[in-house]
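The values are calculated or read from the model by the stated rules, or taken from the named source; none is laboratory data. Computed from a prediction, not measured in an experiment: that's the story for all the values here. No Cβ is skipped: glycine too gets one built from the backbone with ideal geometry, and neighbour counts run over all protein chains shown.
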Amino acid sequence: MVAVEKAGVPAVAIAARSFARAWRSCVDGWGQPSAAFVTIPHATTGQQADFIHKMVDEQIDEIIQGLTALPASAGEVRGARSGGKTTEMFTIELDETPEGMDAVNRFLAERDWSDGIPVMPPTPVAVEQMLKGTRRAPQDVVMVMEPGFGLATVEKIAINAVMAGCRPEQFPVLLAAIDCLAQPEMNHRDMQVSGHTEAPIILVNGPIAEKAGINFGTTAMGPGVINSANTAIGRALRLCLINIGYCNAGAGDPNFIGLPTKFGMCIAENEEVSPWQPYHMDRGFRRDESAVTVVTVTGPTTIIDPRSKTHEDTLNNIASMMFYPNCGAGGWLKGWQSAQVGHTNKRVPYQGPYHPILLSPSRAVILAEAGMSKQDSQAWLHQNCRVSLKSLLKAGAMPMDADGKWLHHPELQHLADDPKATIPALESPEQFLLFVTGGSTHYANFFYGTYGIATSPVEDV
């Protein structure tokens, strides 16, 4: 739409009313805040054609008006972030009374600079103290955050870290997580603007976990003082996505219903009691190095398993959670997915979703005591978590060449007419990400992966 308008061709967008704020935020970020659009009562997804035609026909006069009228100037558009103005600086007189703290939070909330929960005031002294947690220069740009194309400088990240309640020793974890998001294969733009419940989960390995005070034992993904580092780091990343990336609720973030996971998720691996090597070693790091992995996920689903005493029962119970039809299962058959690189037309391929399985230590021990390595367990899940080829083909056409030959995996085309044929849900075993954490009990958490995965080293300060 924006590209068409910039090319001089009149265009009008048609958006569901619930997306109106998101639309304004999107075109503003793309430098076209005056782009015309009309609203219809409902999203078109899953609706019958006649119903869609009816909704659009009712707005035909507004559509014609949008195509023929001169657009308003960018400076006159309500909510435009451009308008030719320089960046504004704000000063608030802060006192130590409850009224003073409330005034700061009201000021931030009025500008949509918050996740809705009271924040710590990012005073110059507090930000300066946070910056002691890194050797990076304050104005170094870590990434361009979408959908608003905000420059995530080290200083801006530090401001949001203060607001979230982080301590300087936790700051390197947050920076490493944003290093991960900066990787093109993370496809973080789609994560930000999706109407689904995608959110980043931060997985921490190495000595930094203890140094930063991250809980990797009982209740590690829950509330409480013991989880203050987990909560603050996860929240800080979300605040960066809101305040730097302009992914505000209902605007840049059009998520239909949402999930509490979008407030932030950060957890460390329980390397002390895990029977397997830590996950960052699977990604090429040494045990004594610190690393952060970020995965875009939805969920979670709790796997309750009080009865399994064998590795077969344990794995079968985990596998029973893998057959959700809309989780991208089997999508690899149609070729690798691609992610857009920033605001360019360049796209990079990536393998597809990684499904994090957060295993309690006792579940991992059952597998290890049976002689199964982590890789053995991943191979078992890969082999046994399967989807119907018939249902996959029914859901969408296969990419083919002029001769009708599958462009991807032609070696499997002969199975197309077999009604009982199945294929693995994910393309490779390592896409079942096994991460041992939490207390030793019969529970596990399973997340459906959606977009990419990336791992970055943590700065040693």
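Okay, here's what the table says:
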| quantity | calculated |
| --- | --- |
| Residue in the stretch 171-179 that is of a type in the set (Phe, Trp, Tyr) and either in contact with a Phe, Trp or Tyr (Cβ under 7 Å, 6 or more places away or on another chain) or outside any loop (DSSP other than H, G, I, E, B) (or both) present | yes |
| When residues of the stretch 292-321 are limited to those that are under 22 Å from residue 352 (Cβ atoms) and modelled with pLDDT of 90 or more, the one farthest from the chain's Cα centre (by Cα) | 315 |
| Leading residue by the ranking (nearest to residue 263 (Cα to Cα)) among those in the stretch 208-235 that are at pLDDT below 90 and crowded, with 17+ Cβ neighbours inside 10 Å | 221 |
| Leading residue by the ranking (modelled with the highest pLDDT) among those in the stretch 137-151 that are surrounded by fewer than 20 Cβ atoms within 10 Å (Cβ to Cβ) and closer than 29 Å to residue 106 by Cβ | 138 |
| Residue check for residue 152: small (Gly, Ala, Ser) and not in a strand (DSSP E or B) | no |
| Index of the failed condition, residue 222 passing every other in (1) without any contact (Cβ under 8 Å) to a residue 60 or more places away in the chain; (2) assigned to a helix (DSSP H, G or I); (3) of a type outside the set (A, V, I, L, M, F, W, C) | (2) |
| Considering residues of the stretch 269-308 that are small (Gly, Ala, Ser) and in a strand (DSSP E or B) only, the residue surrounded by the fewest Cβ atoms within 10 Å (Cβ to Cβ) | 299 |
| Every pair of residues 6+ apart whose Cβ atoms lie under 8 Å, when the first sits in the stretch 243-263 and is of a type in the set (Phe, Trp, Tyr) while the second is part of a helix (DSSP H, G or I) | 246/25; 246/29; 256/18; 263/234; 263/235; 263/238 |
| Candidates 247, 266, 240, filtered to the one that is of a type outside the set (A, V, I, L, M), touching a Leu at 6+ places or on another chain (Cβ under 6 Å) and either modelled with pLDDT of 95 or more or not in a helix (DSSP H, G or I) (or both) | 247 |
| Qualifying residue in the stretch 252-263 (condition: of a type in the set (Gly, Ala, Ser) and surrounded by 17 or more Cβ atoms within 10 Å (Cβ to Cβ)) | yes |
| So residue 339, is it at pLDDT 90 or above and either buried (at least 20 other Cβ atoms within 10 Å of the Cβ) or not polar (S, T, N, Q) (or both) | no |
| Single match in 43, 13 (criterion: closer than 23 Å to residue 249 by Cβ, modelled with pLDDT of 80 or more and not in a helix (DSSP H, G or I)) | 13 |
| Positions within the stretch 252-271 being closer than 19 Å to residue 212 by Cβ and either out of contact with any helix residue (DSSP H, G or I) (no Cβ under 7 Å at 6 or more places or on another chain) or polar (S, T, N, Q) (or both), in sequence order | 270, 271 |
| Scope the stretch 127-136; condition buried (at least 16 other Cβ atoms within 10 Å of the Cβ) and not in a loop (DSSP other than H, G, I, E, B); matching residues | 127, 130, 131, 133 |
| Per-region count, the stretch 167-207, residues among the small types (Gly, Ala, Ser), within 18 Å of residue 354 (Cα to Cα) and surrounded by 24 or more Cβ atoms within 10 Å (Cβ to Cβ) | 2 |
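Yes/no matrix, rows are residues, columns are (1) at pLDDT 95 or above; (2) hydrophobic (A, V, I, L, M, F, W, C); (3) in the same structural domain as residue 332 (by TED's automatic domain parsing); (4) over 13 Å from residue 331 (Cβ atoms):
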| position | (1), (2), (3), (4) |
| --- | --- |
| 373 | yes, no, yes, yes |
| 376 | yes, no, yes, yes |
| 379 | yes, yes, yes, yes |
| 391 | no, no, no, no |
| 395 | no, yes, no, no |
| 398 | no, yes, no, no |
| 405 | yes, no, no, yes |
| 417 | no, no, no, yes |
| 433 | yes, yes, yes, yes |
